[in-house]
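Structure first, commentary second.
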Amino acid sequence: MESKTYLRIVALASLVSIVFTSCSTVPVTGRRQINLMSDTEVVKMTKAAFEQMKASHPISQDPRMNDWMLNVSERISQQVFWDMPLAEWEFVVFDVPGQINAFAMPGGKVGIFSGLFDLVKTEDELASVIAHEIAHVTARHTHERMSHMGIVKLGSGTSSILTGGLSGLVLDPTLTGHLAAWDRAKEAEADRIGIMYMARAGYDPNAAIAVMEKMAAMDSGAGTGQAWNSTHPSSQERLDALHSYLAEAMEEYEKAKELQF
């Protein structure tokens, strides 16, 4: 048997073993996923990246932004405790005007760009964005993407995942569309998980609808189309999906309000 064929058989056998022994369940949705990455490994990388962010970007001292951020961080982090029991939470508002964005990293590091406050006009609206970003973390989307990339590399007949880890993997350009579709599915999943998290934290789920309506209006005004390799669903698609989750989220919101008073 040729050595290349043998290595390919070994790689595929290893792949099958990995798939059957590395499954976990996503919160809220219950989806089963492949996760080959340890929390320790991923958190180590993201901690370093967050420290670099703090060193290279000014941190906002705006009282309103920081008050909203503090309130949201306390309430959302309490609700996701069982999904992230070992998180070392740190929330930072970066002073980056015009940048409408936020992110969350494995381990509990959350960044908000000050430009986001041009879009969100209430604490509930901010909560919808932060809950969505944290949902990516509790769903272990970073772990899953890295695992997926490793499996693709392994399935191609390369054994680097067994010896050299996942760093530096280069994917065939023909896989771009497939991975973009994969990312769109994860964005949709984070929307569903996020609206439930914010509701359980006592934030009105209608705020998530309001934010996505603004995003859809921005897309429309900019003439943004849905490219085949876009990593996000269109804002209109996400808005339609959020409407379908609203009734369930409102039930959780009403329960949360009863507990608050």
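Values quoted throughout were computed directly from the atomic coordinates according to the rules given, and no laboratory measurement underlies them. For clarity, every value in this text was computed on a predicted model and none was experimentally measured. Here the Cβ is made from the backbone with ideal geometry for all residues, glycine too, and neighbour counts use every protein chain on show.
The table that follows gives values for the structure above.
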| item | result |
| --- | --- |
| Out-of-range pairs (alpha-carbon distance over 27 Å; input Lys121/Lys257; Lys54/Lys214; Lys44/Lys214; Lys54/Lys121; Lys47/Lys186; Lys109/Lys186) | Lys54/Lys214; Lys44/Lys214 |
| Two-site label geometry, Asp39 and Phe81: point separation in nm, points 7 Å out along Cα→Cβ | 1.5 |
| Segments 113-119, 54-60 sorted - mean Cβ within 10 Å per residue, highest first | 113-119, 54-60 |
| Under the Karplus curve 6.51 cos²θ - 1.76 cosθ + 1.60, θ = phi - 60°, whole-Hz ³J(HN,Hα) for the stretch 123-136, x wherever Gly or Pro sits | 5, 4, 5, 4, 4, 5, 6, 5, 4, 4, 5, 5, 4, 4 |
| Ranked packing of 23-31, 126-134, most packed first, by mean Cβ within 10 Å | 126-134, 23-31 |
| Net lengthening on full extension, Thr25/Asn71 (0.36 nm per residue, minus Cα-Cα) | 13.7 nm |
| Peptides 190-198, 240-248, 81-89, 208-216 ordered by average Cβ neighbours within 10 Å, highest first | 190-198, 208-216, 240-248, 81-89 |
| Fully extended contour minus Cα-Cα distance, from Glu88 to Leu119, at 0.36 nm per residue | 8.4 nm |
| Distance (nanometres) between label positions extended 7 Å along Cα→Cβ at Lys257 and Arg64 | 2.5 |
| Sequence-distant residues sharing a close amide H with Ile59 (under 5 Å, placed H) | Asp95 |
